Amino acid sequence: MALVPYEEGRALQDLRRPTATYRFAGRNVRIQQDWERHGVAAVVWDAAVVLSAYLEMGGIDLRDRSVIELGAGTGLLGIVATLKSSRKPFCAHVTITDREPALEFLESNVWANLPSELHPRAVVKELTWGKDLGNFPPGAFDFILGADIIYLEETFAELLQTLEHLCSEQTVILLSCRIRYERDNNFLKMLKGRFSVNEVHYDYSKDVHIYKAQRHSHKDDF
């Protein structure tokens with residue numbers, strides 16, 4: 001589940017707003033938030049906004065690709081990925097995942113923001129890192145997306161196991177995060193031990209980094 005520590009300087013009233021609205025893929029995306037019931041798992045964090053905007057820059061073509069989001073939280077990133085790739089007949093198939101306790105809230109945001117004709121192109125599915133991998137074909141995804149999922153050191157091994165299971169030689173992993181603690185850098189070191197990793201974008205205004213990772217044997221760009 002996409003939980004992150006409370007961010008210094010972010011007003012508590014912002015976290016407790018019932019909705020957050022963004023403009024992506026030519027549409028208003030209105031995300032329900034529920035701090036009182038679900039805490040930080042139900043808040044849109046800057047890393048999701050920055051990676052969503054990065055997808056909109058146009059350098060990444062998701063059409064006719066298989067995409068999975070890990071630790072989706074409110075679902076903003078997966079929604080944007082689905083909308084971004086929706087030009088027929090080359091729509092992507094987007095799998096939006098989180099742990100079981102987050103799914104009902106996640107589904108409500110996804111289906112409220114996707115037009116009915118795109119519902120068959122997206123699926124919300126349970127994925128606990130390292131535990132539900134048999135429900136996902138190995139190496140079946142072209143893109144793996146994650147926003148602010150690097151935060152709990154005890155989940156790092158399971159996250160790496162999950163990434164390795166989902167990756168083929170051609171898969172591109174895009175992870176966005178704010179580096180808050182030394183453990184965040186420790187995860188990046190672990191990631192570099194198994195993948196080729198490059199920082200591809202930095203948002204100075206939000207202090208959010210985007211990293212691209214691929215298997216070591218794959219050297220091509222997007």
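The values are calculated or read from the model by the stated rules, or taken from the named source; none is laboratory data. Just so it is clear, the model here is predicted, and its values are computed rather than measured. Only protein heavy atoms, including side chains, enter the accessible area calculation; ligands, DNA and RNA are left aside. Shrake-Rupley method; radii C 1.70, N 1.55, O 1.52, S 1.80 Å.
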### Query
Under the Karplus relation 6.51 cos²θ - 1.76 cosθ + 1.60, θ = phi - 60°, what is the ordered set of whole-Hz ³J(HN,Hα) values for region 32-43, x standing for Gly and Pro?
6, 10, 8, 4, 5, 8, 10, x, 5, 5, 10, 10
### Task
With a 1.4 Å probe and every protein chain kept in, tell me what percent of the accessible surface of the chain is carbon plus sulfur.
46
## Note on the structure
HN-Hα couplings for region 125-137 via Karplus (6.51, -1.76, 1.60; θ = phi - 60°), in whole Hz with x for Gly/Pro, come out as 9, 6, 8, 9, 4, x, 10, 10, 5, x, 7, 10, x
### Query
Stretched out fully, how many nm does the piece from residue 198 to residue 119 gain, at 0.36 nm a residue minus the Cα gap?
25.1 nm
### Message
From the phi angles alone, apply the Karplus equation (6.51, -1.76, 1.60; θ = phi - 60°) to region 68-85 and give each ³J(HN,Hα) in whole Hz, x where the residue is Gly or Pro.
### Response
10, 10, 9, x, 6, x, 6, x, 3, 5, x, 4, 5, 4, 5, 5, 4, 10
### Summary
Listed residues 58, 73, 146; largest mean-square fluctuation, Gaussian network over the chain with Cα springs below 10 Å, found at 58
## Note on the structure
Yeah, region 73-171 with a ≥ b ≥ c from its alpha-carbon gyration tensor (a/c under 1.5 is rounded, else prolate when a/b outruns b/c, oblate otherwise) is oblate
### Query
For the chain, rounded, prolate or oblate, judged on the Cα gyration tensor with a ≥ b ≥ c (square roots of eigenvalues), a/c < 1.5 rounded, else prolate if a/b > b/c?
rounded
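In square angstrom, what is the accessible area per residue of the chain with a 1.4 angstrom probe? Don't skip to the answer; put the middle values down first.
On the way: 10160 Å² over 222 residues.
Roughly 46 Å² per residue, with all protein chains present.
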